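Here the structure is laid out as structure tokens; the discussion comes afterwards.
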Amino acid sequence: MRGLIVGFGNIAQGHLQGYSTITDLEPVAVVDVTAARREVALRHGLLAFGSIAEAINSTDIDFVDICTPPSLHIDGIRHAIAAGLPVICEKPVFVPGDSGYGDVLDHVWRGGTLVYPCQNYKYAPIISRVREILSSGTVGSIQHARVDIARRGHACGVAEWKPDWRRDPVYSTGGILRDHGTHAVYLILSLLGQQAEEVSVMNGTLAPGHAVMTTEDTAIMRLRCDKGAEVNVSLTWAAGNRSSRYLFAGTQGFVSIDNDVLTWSAEGRTFRDRVRSDFDDASHSAWFATMFADFARLAHQGASGLAESINLIAESLHTTAVIDAGYESARAGGAWKAVAALPPGGVCDEDIRTA
């Protein structure tokens, strides 16, 4: 399958590395608004265009990969669906627009085209091991989960186009809660097999920055889930070191991640293993190949793949609802807020399943 990458910044570089390790998907063209980035694409042997419409009309492509900042995702999704092309989109796929989510959801549900959320943390090798342990029932029912993500700063974009876009709400639609918080929510809830019912968030800015940095760099989030689990999430771009830590505490044991170190208990014994997962690689390129292979599998399956992808879209929507409720909570000083049900009224389950 021949692909079009929309937005040729640092995220796209990680995607390119992932594509290089699989045979079924091959990027052949790039769209970018800056001439300098189009020149970089040409040096990679890719065709380069200034607009999605121009690229689709000029090139024989089979899928679209959207790597733009969040507020620009909807434009890429619209063009891909209008052309009948399956699309993989960086997180968060859904961000609030002028009309809420109605516009993008109308395109997604009624377009009859695969829209695949790029939720790449699920494919970290150590996360796959955690999923196996939790699924085995060894640690019992999970009562509590914790995520601690520390970074020395936000991930910068390319110098040729707004390198600090993650701190500009026009493009990011939020700070670290919208960015890393999205990864934390979809990952933890998918591992737990639960949904969040209520959320409480306190957020703010700890590190000094310049004028464009108007979004938060630190957030503390608490979730209450529908099957009883409670989740604590700590996120910061103002740390002195980089680390990724996760904990799942169950009725019979626990599982924890400390970067590449996996520790778990079973039958009164504690085990430890090192599972190289490259958490220190900001591009996470090693995780993409497996995810891209799953996208290709669904794309090749046609209608059955589209039906299977509904669960992924629902998960992405729920994640977005959690983050939205989190920002509402932060504005209310951390008060508990209910997580809305998405999709909004007017699109019923039957519409979704038959789109």
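The values are calculated or read from the model by the stated rules, or taken from the named source; none is laboratory data. From a predicted model like this one, the values you see are computed outputs, not experimental measurements. A quick note on method: Cβ atoms are made from the backbone with ideal geometry, for glycine too, and the neighbour counts reach across all protein chains shown. Note: areas computed on protein heavy atoms with side chains; ligands, DNA, RNA excluded. Shrake-Rupley method; radii C 1.70, N 1.55, O 1.52, S 1.80 Å.
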Neighbours by Cβ (under 7 Å, 6+ apart or cross-chain): first from region 1-19, within 9 Å of residue 283 (Cβ to Cβ); second open to solvent by less than 10 Å² (accessible area, probe 1.4 Å) and of a type in the set (Asp, Glu): 15/65
Within region 1-46, track down each residue that is open to solvent by 70 Å² or more (accessible area, probe 1.4 Å) and under 21 Å from residue 72 (Cα atoms). 10, 33
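Counting only residues that are modelled with pLDDT under 80 and open to solvent by less than 40 Å² (accessible area, probe 1.4 Å), which one in region 280-294 is farthest from residue 152 (Cα to Cα)?
Here is the first cut: in region 280-294, the residues modelled with pLDDT under 80 are 280-286.
With the extra rule that they be open to solvent by less than 40 Å² (accessible area, probe 1.4 Å), the set shrinks to 283-285.
Working: 283: 15, 284: 17, 285: 20 Å.
Going through the qualifying residues, I end up with 285.
Taking the stated definitions as given, is residue 202 in contact with a helix residue (DSSP H, G or I) (Cβ under 7 Å, 6 or more places away or on another chain), of a type outside the set (Val, Ile, Thr) and open to solvent by 40 Å² or more (accessible area, probe 1.4 Å)? Show your work before the answer.
Numbers: in contact with a helix residue (DSSP H, G or I) (Cβ under 7 Å, 6 or more places away or on another chain): yes; of a type outside the set (Val, Ile, Thr): yes; open to solvent by 40 Å² or more (accessible area, probe 1.4 Å): yes.
For residue 202, the condition - in contact with a helix residue (DSSP H, G or I) (Cβ under 7 Å, 6 or more places away or on another chain), of a type outside the set (Val, Ile, Thr) and open to solvent by 40 Å² or more (accessible area, probe 1.4 Å) - is met.
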What is the number of the single condition among (1) over 18 Å from residue 157 (Cβ atoms); (2) crowded, with 20+ Cβ neighbours inside 10 Å; (3) among the hydrophobic types (A, V, I, L, M, F, W, C) that residue 67 does not meet? (1)
Considering only region 181-189, I want to know if a residue exists there that is touching a residue at least 12 places away in the same chain (Cβ under 8 Å), assigned to a helix (DSSP H, G or I) and small (Gly, Ala, Ser). yes
How many residues are assigned to a strand (DSSP E or B), aliphatic (A, V, I, L, M) and either more than 14 Å from residue 330 (Cβ to Cβ) or under 21 Å from the mean Cα position of the chain (by Cα) (or both) if we restrict to region 191-241? 10
Pair list, Cβ < 8 Å and 6+ apart or interchain, from region 302-314 residues that are free of Cβ contacts under 8 Å to residues at least 24 places away in the same chain and buried (at least 18 other Cβ atoms within 10 Å of the Cβ) to residues that are part of a helix (DSSP H, G or I) and small (Gly, Ala, Ser): none
Residue in region 217-238 that is farthest from residue 200 (Cα to Cα), counting only those that are open to solvent by 20 Å² or more (accessible area, probe 1.4 Å), of a type outside the set (Lys, Arg) and touching a residue at least 24 places away in the same chain (Cβ under 8 Å): 238
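Identify all residues within region 129-155 that are in contact with a helix residue (DSSP H, G or I) (Cβ under 8 Å, 6 or more places away or on another chain) and open to solvent by 70 Å² or more (accessible area, probe 1.4 Å); write none if there are none. Step through it out loud before you land on a result.
Of region 129-155, the ones in contact with a helix residue (DSSP H, G or I) (Cβ under 8 Å, 6 or more places away or on another chain) are 130-131, 134, 139, 142, 145, 147, 149, 151, 154-155.
The one that is in contact with a helix residue (DSSP H, G or I) (Cβ under 8 Å, 6 or more places away or on another chain) and open to solvent by 70 Å² or more (accessible area, probe 1.4 Å): 131.
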Which one is surrounded by the fewest Cβ atoms within 10 Å (Cβ to Cβ), of the residues in region 83-110 that are among the acidic types (Asp, Glu) and either in a loop (DSSP other than H, G, I, E, B) or at pLDDT below 95 (or both)? 98
Given the conditions (1) in contact with a Pro (Cβ under 9 Å, 6 or more places away or on another chain); (2) open to solvent by 30 Å² or more (accessible area, probe 1.4 Å); (3) under 23 Å from residue 229 (Cβ atoms), which single one is not true for residue 171? (3)
